[in-house]
1. Between THR104, THR14, THR79, where does the largest GNM mean-square fluctuation fall for the chain, given springs only between Cα atoms within less than 10 Å?
2. Along the three principal axes, how long is the chain when you take its alpha carbons, biggest first, rounded to the nearest angstrom?
3. Residues of the chain: accessible area per residue at 1.4 Å, in Å²?
4. Grab the Cα-Cα distance for SER85 and GLU25, subtract it from 0.36 nm times how many residues apart they are, and report the gain in nm with one decimal.
5. Tell me, what % of the accessible area of region 1-110 is carbon and sulfur with a 1.4 angstrom probe?
6. Run the lone-cysteine check on the chain: no other Cys C-beta under 4.7 Å from the residue's C-beta.
7. Which residues' amide hydrogens lie under 5 Å from the amide hydrogen of ILE125, considering only partners 5 or more residues apart or on another chain, with H built in the peptide plane?
8. Among the listed pairs LYS11/LYS114; LYS65/LYS87; LYS91/LYS126; LYS48/LYS122, which are separated by more than 27 Å between their Cα atoms?
Amino acid sequence: MAKCRTTSKNKIFTFKEQRSVLNLENVDQVDSVKIIVDGCEINDDGIKCDYLHIAKEIEMYIELKGQDLIHAMNQIERTIKMLSSNKKKKKKISYIICTRSPLTSTEIQNYDRKFREKFNSKLIIKSSPFSDKY
């Protein structure tokens, strides 16, 4: 599994898949772990998200997608169930970065509420490219 994980204090972590891009800025340049989930950390036929990034006691689940947001949420949900150190209590952020979001903001808010209640995870659905900080 060592090849699936990279630990560094990089200022910027970039996650790319086809036309979807997420940049995470490591403001304090703390130790951060970038984990390749799909085909590496989880190597089965089930659905899973693309990446897991861990820093400042926060688990960040990342799915880079075209437009199928429901499938992306299911991928993140299964990955949290398999990899989270604590599904209910551990602070999480779930990123879905897509080429175009077909959901309305009301639908996104409803899913965000579900993720917060079920997994203690904030759900961020944005169009690519997207940048965030931690």
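1. Evaluated over the chain, the most mobile residue of the options is THR104.
2. Projected onto its principal axes, the Cα set of the chain covers 37, 28, 27 Å.
3. Counting only protein heavy atoms, the per-residue value for the chain is 54 Å².
4. Extra length available between SER85 and GLU25 comes to 19.3 nm.
5. After summing per-atom areas, the C and S share lands at 47 percent.
6. Lone cysteines by the Cβ rule: CYS49, CYS98.
7. Those lying under 5 Å, H to H, from ILE125 are ILE96.
8. LYS11/LYS114
The values are calculated or read from the model by the stated rules, or taken from the named source; none is laboratory data. Predicted model, so just to flag it, every value in this text is computed and none were measured. Glycine gets a Cβ as well: all are built from the backbone with ideal geometry, and neighbour counts include every protein chain shown. The accessibility values were calculated without ligands, DNA or RNA, using every heavy atom of the protein model including side chains. Shrake-Rupley method; radii C 1.70, N 1.55, O 1.52, S 1.80 Å.
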